[in-house]
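Shown below is the structure under consideration.
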Amino acid sequence: MEDCIFCKIAKKEIESKTVYEDDTVIAFRDLSPQAPEHVLVIPKKHVKSINELTSEDTALMGHIFTEVLPKVAKELNIAEGGYRVVINTGEDAQQTVKHLHVHLLGGRKMTWPPG
Ligand code: AMP
């Protein structure tokens, strides 16, 4: 996707503070952190949102949830204390970047319901 900012980050056309990367996924610090630790985990391939995932993405999403998120949380030292994982999807959820991204937030006490 030519105009997608997260595709550009995945292709290193835009700088990011990368905390994890492999063949299919990149994780980088959010530009406007909402917690002491705030990282975005994205698939490198362009997928607009959860709504556009297909059965071909099962391994990719499984990789993000079973391997990448726990690994990054551990490296950020928030695995034990706890953290929040958020995927904003669509307009009502205020998804602003139309490339699926998983927010990983930690390092402070979270509130519920989220604001
Ligand atoms: P969402 O509202 O769920 O679509 O979240 C998009 C997130 O992307 C926001 O938290 C932004 O601060 C973050 N963001 C936008 N552009 C960049 C960028 N170039 N590098 C890092 N984070 C970004």
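Coordinate-derived values only; no laboratory data. Everything numeric here is computed off the predicted structure, so don't read it as measured data. Every residue, glycine among them, receives a Cβ derived from its backbone with ideal geometry; neighbour counts consider all protein chains shown.
What residues qualify as long-range amide H neighbours of TYR20, i.e. H under 5 Å apart, gap of 5 or more or another chain, H built at 1.01 Å from N?
Answer set, sorted by chain and number: ALA27.
Counting Lys and Arg as +1 and Asp and Glu as -1, what is the net charge of the other residues whose Cβ lies under 9 Å from the Cβ of THR24?
Values: positive: LYS44, LYS45; negative: ASP22, ASP23.
Around THR24, the surrounding residues sum to 0.
Going down the list LYS44/LYS109; LYS8/LYS71; LYS8/LYS98, which pairs span over 21 Å between their C-alpha atoms? Provide the component values of the computation, followed by the final result.
On the way: LYS44/LYS109 30 Å; LYS8/LYS71 24 Å; LYS8/LYS98 13 Å.
Cα-Cα > 21 Å for LYS44/LYS109; LYS8/LYS71; rest within.
Ok, one more. What dipole magnitude, in Debye to the nearest 20, does the chain give about its Cα centre under +1 on Lys/Arg Cβ and -1 on Asp/Glu Cβ?
Working: 14 positive and 17 negative charges, 70 e Å.
Magnitude of the dipole: close to 340 debye.
I've got another one for you. Can you tell me, using C-alpha contacts under 8 Å and at least 6 residues apart, the relative contact order of the chain as a whole percent?
Values: 158 pairs, mean separation 34.6, N = 115.
Once divided by the residue count of the chain, the mean separation gives 30 percent.
Translational diffusion coefficient, Stokes-Einstein: compute it for the chain using the Kirkwood radius over C-alpha pairs as Rh, at 4 °C and 1.567 mPa s, and state it as an integer in µm² s⁻¹.
On the way: Rh = 14.5 Å.
So the translational diffusion coefficient is about 89 µm²/s.
Here's another thing I want to ask about it. Determine which aspartates and glutamates satisfy two conditions relative to LYS12: a Cα distance under 15 Å, and not lying fewer than 8 residues away in the same chain.
Partners within reach: GLU2, ASP3, GLU21, ASP22, ASP23.
Another question about this same structure. As a check on your grasp of the helix formula, calculate [θ] at 222 nm for the chain: sum -39500 (n - 2.57) over DSSP H runs of n ≥ 4, divide by the residue count, round to the nearest 500.
Working: 3 runs with 19 residues, N = 115.
The helix contribution divided over the chain gives -4000 deg cm²/dmol.
A further question on this structure: Going through the range 1-46, which trypsin sites (Lys or Arg not before Pro) have at most 13 other Cβ atoms within 10 Å and a DSSP loop state?
Numbers: sites: LYS8, LYS11, LYS12, LYS17, ARG29, LYS44, LYS45; in loops: LYS11, LYS12, LYS17, LYS44, LYS45.
Those that pass, being in a loop and sparsely packed, are LYS11, LYS12, LYS17.
Say R0 is 25 Å: what FRET efficiency, to the nearest 0.05, do SER55 and VAL86 get from their beta-carbon distance?
Efficiency, rounded to the nearest 0.05: 0.55.
Within 12 Å, Cβ to Cβ, of LEU60, how many net charges do the neighbouring residues add up to if Lys/Arg are +1 and Asp/Glu are -1? If you can, show how the numbers build up before the last one.
Numbers: positive: LYS44, LYS45; negative: ASP22, ASP23, GLU56, ASP57, GLU67.
Within the 12 Å Cβ shell, the charges total -3.
Continuing with the same structure: Just want the answer: with Cβ charges of +1 for Lys and Arg and -1 for Asp and Glu, which residue in GLY106, ASN88, VAL25 is farthest toward the dipole's positive end in the chain?
The Cα lying farthest towards the positive end belongs to GLY106.
Counting only GluC sites (Glu not before Pro) that are in a DSSP loop and have at most 16 other C-beta atoms within 10 Å, tell me the longest site-free stretch of the chain. Can you show the working numbers first?
Values: sites that count: GLU2, GLU13, GLU15, GLU80, GLU91.
The segment 16-79 is the longest one with no such site.
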